[in-house]
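Please treat every number below as a calculation from the coordinates, not as lab data. As the structure is a computational prediction, the values presented were derived from the model and not from experiment. A quick note on method: Cβ atoms are made from the backbone with ideal geometry, for glycine too, and the neighbour counts reach across all protein chains shown.
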Amino acid sequence: MTQALNQTLLARATAKLGPQVSLVLGLLVLAILVAMPLLHLLPAEHTLHISAYSLTLVGKILCYAIVALALDLVWGYAGLLSLGHGLFFALGGYAMGMYLMRQSAGDGLPAFMSFLAWTELPWYWYGTSSFLWAMCLVVLAPGLLALVFGFFAFRSRIKGVYFSIMTQALTFAGMLLFYRNETGFGGNNGFTGFTRILGFDITATGTRAALFLATLVVLLGSLYLGFVLARSKFGRVLTALRDAENRLMFCGYDPRGYKLFIWVLSAVLCGLAGALYVPQVGIINPGEMSPTNSIEAAVWVALGGRGTLLGPLLGAGIVNGMKSWFTVAFPEYWLFALGALFILVTLFLPKGVVGLLRKEPTP
Amino acid sequence: MKTTPLAPTLLPAHLIPGAALDTGKTVGKGVNVRHGTLLTLEDINVSFDGFQALTDLTLYIGVGELRCIIGPNGAGKTTLMDVITGKTRPDSGTAYFGEQYDLTTMSEVQIAQAGIGRKFQKPTVFEALSVFENLELAQKANKSVWASLRARLSGEQKERIDEVLQTIRLEASRHRPAGLLSHGQKQFLEIGMLLMQEPHLLLLDEPVAGMTDAETEFTAELFKSLARQHALMVVEHDMGFVGSIADHVSVLHQGRVLAEGSLEQVQNDERVIEVYLGR
């Protein structure tokens with residue numbers, strides 16, 4: 001009796017504390033993230049200095065967090081499990097890479113083209129020396145591909161596992177295409193050897209710090225966008241679509257437009273993440289389009305908690321943080337650890353890590 | 001063997017209140033019901049892989065009428081609903097909603113927007129959303145993507161939702177997730193969602209299945225009060241329920257309308273007794 005009472009009291013206390021604690025924790029994490037690039041600017045001897053390696057690692061994880069959030073918008077909210085989001089990420093990355101290659105090549109052709117004895121730029125490379133046009137491509141390439149694919153897929157009412165398989169096939173096809181030298185994107189080597197971005201040295205501490213901050217801003221912007229969407233009637237329609245599409249149609253909603261909107265938005269966010277990833281990591285190759293990458297993104301979302309906004313960010317952080325530690329400490333056991341983690345979460349935390357933090361008091 | 005269904009104009013005036021009121025006018029927005037007929041199905045044929053689900057089916061539903069459809073399993077009741085809501089295309093025949101909507105050329109979404117609401121056999125609500133949000137989504141409004149992105153509930157819309165919450169007796173559960181409701185409550189919520197759509201015609205597939213006696217009784221009252229503003233087409237097996245609500249019953253058998261009339265007339269019909277009611 002007293003135990004039950006205690007439990008209710010405890011539940012109430014944590015329910016009250018819950019939002020405040022998460023808010024404090026969230027602000028703390030945000031403060032650390034803002035401080036990191038600034039600490040990187042300190043001289044290397046300083047005790048608080050953050051190395052380029054750590055900054056790049058966290059910057060990379062922030063890019064992955066944007067992908068996880070974008071995937072959660074289509075999977076967690078609209079119920080469309082995409083196993084091909086790596087393609088949109090890579091397309092954004094390649095668009096940025098084209099600009100970076102032109103920057104390092106100066107007036108000549110990018111090195112890999114000279115190597116293939118090409119004398120002229122392929123038509124789709126025109127204008128890529130302009131940063132502005134490259135930014136347009138970052139949005140347009142994944143956006144248009146998602147629009148065309150989504151238009152036909154949703155018109156044909158492809159859903160569930162069939163949709164997932166098709167997205168997986170799409171990213172695989174993209175990978176095979178980009179592996180070819182003739183495609184004009186550097187074949188299996190991809191793009192690397194970047195030197196300058198917007199006239200700045202790409203490895204300079206200031207540039208690194210700026211890229212990191214830009215990633216943080218895009219992540220926060222995506223989070224805000226997701227928050228606004230989730231609270232709008234649009235977000236509720238998406239949830240309804242996920243749970244009972246037929247009912248929604250007989251309510252007079254055309255699901256195709258809703259799916260297409262969130263699908264294209266998600267692809268564009270992935271493209272932006274890819275564009276921020278490439279200058280920080282310094283390389284993009286077709287391996288980014290490999291199906292396993294896209295599946296891993298789905299693992300981040302499932303682990304963090306789908307259908308929530310913070311869950312995917314947590315998931316991307318936890319998995320990638322563990323990955324970078326494991327691949328240094330026990331490189332051969334990483335995949336086993338990932339598998340075990342996924343099984344544990346599926347068995348014990350169906351709502352992901354967020355479900356654990358946000359345990360609702362039992363009525 | 002083929003029966004001639006009653007044309008609505010032959011029905012007593014009190015069965016088609018809308019006809020008396022709305023002759024020559026339109027009901028609500030855009031549905032023209034000049035002849036008092038809201039739904040016109042003529043010579044509908046549907047077959048699936050050689051199985052004839054509906055054969056030369058002819059059925060008229062008048063404005064504000066409450067029609068019950070009965071018939072043994074496999075008689076084509078659900079197929080009939082599928083044809084009306086655009087889920088199934090008839091092989092031949094005409095299907096008109098009012099005077100101007102040709103249902104055979106419209107999509108499910110267009111038909112829903114034109115004013116036909118449908119309740120499924122198994123209660124289907126948006127389980128993750130609250131009762132209030134379920135009604136909000138069903139509410140008659142501009143349902144395009146852009147409109148939903150900017151939508152804000154007006155005071156008038158909130159009042160309408162409160163009104164329906166009261167009608168379906170779910171005010172106390174307004175903030176509960178719909179997935180936590182009892183079976184009967186889900187049935188009522190779905191009926192409430194139909195009401196929010198302000199349809200001219202409601203199709204209800206076995207609405208009292210799984211309800212308690214008290215709930216069934218309440219549903220009968222509810223339907224009778226609705227019939228004045230909406231036309232209702234109810235598919236039901238529960239004869240007690242049919243007797244308590246219907247002014248007009250159609251019996252379906254092997255994809256045809258076997259008999260039409262009051263429940264009493266139908267129950268005394270030789271052929272109906274033979275195929276359906278037994279003995």
State whether the residues of region B:137-154 include one that is closer than 30 Å to B:R271 by Cα and not hydrophobic (A, V, I, L, M, F, W, C).
-> no
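State yes or no: is A:F185 aromatic (F, W, Y), more than 14 Å from chain B (Cβ to nearest Cβ) and in a helix (DSSP H, G or I)? Step through it out loud before you land on a result.
Details: aromatic (F, W, Y): yes; more than 14 Å from chain B (Cβ to nearest Cβ): yes; in a helix (DSSP H, G or I): no.
It is false that A:F185 is aromatic (F, W, Y), more than 14 Å from chain B (Cβ to nearest Cβ) and in a helix (DSSP H, G or I).
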Counting just the residues of region B:102-147 that are of a type in the set (F, W, Y) and more than 8 Å from chain A (Cβ to nearest Cβ), which one comes out surrounded by the fewest Cβ atoms within 10 Å (Cβ to Cβ)?
-> B:W146
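Please specify each residue of region B:66-94 satisfying the condition of being under 15 Å from B:A112 (Cα atoms) and not in a loop (DSSP other than H, G, I, E, B). Break it down into steps so the answer makes sense when it comes.
From region B:66-94, those under 15 Å from B:A112 (Cα atoms) are B:81-88; that's our starting set.
Those that are under 15 Å from B:A112 (Cα atoms) and not in a loop (DSSP other than H, G, I, E, B): B:M81, B:D82, B:V83, B:I84, B:T85.
Give the residues of region B:86-101 that are within 11 Å of chain A (Cβ to nearest Cβ) and surrounded by fewer than 20 Cβ atoms within 10 Å (Cβ to Cβ), sorted by residue number. Break it down stepwise before answering.
The initial filter retains those residues of region B:86-101 that are within 11 Å of chain A (Cβ to nearest Cβ), namely B:86-87.
Of everything in region B:86-101, just one residue is within 11 Å of chain A (Cβ to nearest Cβ) and surrounded by fewer than 20 Cβ atoms within 10 Å (Cβ to Cβ), namely B:K87.
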Please list, ordered by first then second residue, the pairs with beta carbon atoms under 9 Å, 6 or more apart or interchain, first in region B:184-205 and at positive phi, second among the small types (G, A, S) and crowded, with 22+ Cβ neighbours inside 10 Å.
-> B:E198/B:G115; B:E198/B:G117
Condition check for A:F115: aromatic (F, W, Y), under 14 Å from the mean Cα position of the chain (by Cα) and more than 19 Å from A:V217 (Cβ to Cβ) = no
Is it true that some residue in region A:254-267 is surrounded by fewer than 23 Cβ atoms within 10 Å (Cβ to Cβ), touching a helix residue (DSSP H, G or I) at 6+ places or on another chain (Cβ under 6 Å), over 30 Å from B:Q197 (Cβ atoms) and more than 14 Å from chain B (Cβ to nearest Cβ)?
-> no
Scanning region A:219-244 for residues that are in a helix (DSSP H, G or I), facing chain B (nearest Cβ under 10 Å) and of a type outside the set (V, I, T) gives A:L229, A:K233, A:F234, A:G235, A:R236, A:L238, A:A240, A:L241, A:R242, A:D243
